[in-house]
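The values are calculated or read from the model by the stated rules, or taken from the named source; none is laboratory data. Computed from a predicted structure; not experimentally measured. Reconstructed Cβ throughout: ideal geometry from the backbone, glycine too, with neighbour counts over all protein chains shown.
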Amino acid sequence: MEGLVDRLCEGLAALDNENLRRHRRVLDSPQGRIVRVDGREAVNFSSNDYLGLASDARLVAAAHRALDAYGVGSGASPLVSGHSRAHEEAEARFAAFVRLPRALLFPSGYAANLAILTVLGGPEAQVFGDRLNHACLHDGARLSRATYTRYGHLDLDELERALAASRAATRIVATDAVFSMDGDVAHLPRMLEICERYDAWLVLDDAHGIGVLGAGGRGSLEHFALASPRIVYMATLGKALGGYGAFVAGAAQTIEWMLQRARTYIFSTALPPAMAAAASAALDVLEEDRGVLERLRARIGEFRAACTARSVPATPSDTAIQPIVVGEATRALAASARLLERGFLVPAIRPPTVPRGTSRLRVSLSAAHRRDDVERLAAALAECLA
């Protein structure tokens, strides 16, 4: 074992030398505007809880009711006996919310994307993916046994050339709708046109768009007014919707085939019923409480204006993700540490999550933040990056 362990130690030492080893912070509070982390309080700009629903009383109450009704665990995979009334209702609610015929509830967004690509793909298929897609889309493409072709970030001309040259029996285009580290949005209308021209599936990961984009927070499909049976749509529950798990939605036949063939669905214990109930409650909040979206959008505009006023080099983004690219990992870590000293929790994002030389501070905005929070953060960023 010594040789095996020595190689691991060498790998860890290499991470240390490049300032790339990750460390977990310990929270002693719920997610929220203010968190207690590593023994101190800080304004939380690190969370994907874009609508402030992770500890919202309405979601907590729904989860409590489901705990009383169904207990803690689902006890089995969905196709055995783990599919409760809470799951059934959540799937119907989500399909109606995003205006697609049917939805299927998965244990996580990662599991959902692996399922989509492995079910639609195969040796005769070719998957086309944006280079900056989330890791689960890359992994799903590789696990699908399809030929995998990556195109330049948002380069739809390159995508179209690759599709035109493809002789695969099945073509699949997979993309983030909102890119998690840059906050930019894929041009989905043109992507759908290209997929229609070359008879390809369009797989959309809307993890960072659901609850944020669209007039009613229904995500990227509402934002662009898109509908097509060739779209397979994935959205997570663990970000703006405040809970845990994910939905895949699309045409009824597509979802039925997923239910019959998706290994990460068939061979996983079903999501706890309380999480399904919390998901339904989050959709209720979005439909009934217009103020939550208005607050998030106000904070985005205020933060961008404050950064412009203080010459903070925030990357252009109209979403809740506001990155400030600083270059080397060492500089990002130092800036993050200085911000924490000032009472702001802002993570330093380093390779391999982002390309080398593009380490950044990833500011995540939330409806729970106040105007003063974002303006004080912009002032602190100006000082820490000077």
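Looking only at residues in segment 295-338 that are in a loop (DSSP other than H, G, I, E, B) and in contact with a His (Cβ under 9 Å, 6 or more places away or on another chain), which one is surrounded by the most Cβ atoms within 10 Å (Cβ to Cβ)? Even if it seems obvious, please write down each step before you answer.
Narrowing segment 295-338 to residues in a loop (DSSP other than H, G, I, E, B): 310-320, 328.
Still in the running and in contact with a His (Cβ under 9 Å, 6 or more places away or on another chain): 319-320.
On the way: Thr319: 22, Ala320: 30.
It comes out as Ala320.
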Completion exercise
Being within 20 Å of Gly211 (Cβ to Cβ) and not assigned by TED's automatic domain parsing to the domain that holds Gly214 narrows Leu339, Leu296 down to just Leu296
Exercise for the section: Select, from Val5, Val72, the only residue that is over 30 Å from Thr353 (Cα atoms), β-branched (Val, Ile, Thr) and exposed (fewer than 14 other Cβ atoms within 10 Å of the Cβ). Expected result: Val72
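Give the residue, chosen from Ala274, Ala278, Ala282, Ala270, that is buried (at least 23 other Cβ atoms within 10 Å of the Cβ), in contact with a Pro (Cβ under 8 Å, 6 or more places away or on another chain) and over 15 Å from Ala215 (Cβ atoms).
Residue meeting the stated conditions: Ala270.
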Exercise for the section: Might you check whether a residue that is over 30 Å from Val80 (Cβ atoms) and among the aliphatic types (A, V, I, L, M) occurs anywhere in segment 280-289? Expected result: yes
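So, in segment 244-267, exactly how many residues are of a type in the set (Gly, Ala, Ser) and either touching a Ser or Thr at 6+ places or on another chain (Cβ under 6 Å) or buried (at least 24 other Cβ atoms within 10 Å of the Cβ) (or both)? I'd like the intermediate steps shown before the answer.
Keep residues of segment 244-267 that are of a type in the set (Gly, Ala, Ser), which gives 245-246, 249-252, 262.
If we keep only those that are either touching a Ser or Thr at 6+ places or on another chain (Cβ under 6 Å) or buried (at least 24 other Cβ atoms within 10 Å of the Cβ) (or both) too, we end up with 245-246, 249-250.
Looking only at that region, the number is 4.
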Completion exercise
Considering residues that are modelled with pLDDT under 95, touching a helix residue (DSSP H, G or I) at 6+ places or on another chain (Cβ under 8 Å) and in a loop (DSSP other than H, G, I, E, B), the number found within segment 351-386 is 2
Problem - Of all residues in segment 136-187 being under 17 Å from the mean Cα position of the chain (by Cα), touching a residue at least 24 places away in the same chain (Cβ under 8 Å) and in a helix (DSSP H, G or I), the one that is farthest from Pro323 (Cα to Cα) - result: Gly140
Exercise for the section: May I ask you to list the residues in segment 75-110 that are more than 26 Å from Ala225 (Cβ to Cβ), among the small types (Gly, Ala, Ser) and either buried (at least 20 other Cβ atoms within 10 Å of the Cβ) or touching a Gly at 6+ places or on another chain (Cβ under 9 Å) (or both)? Expected result: Gly75, Ala76, Ser81, Gly82, Ser84, Ala86, Ser108
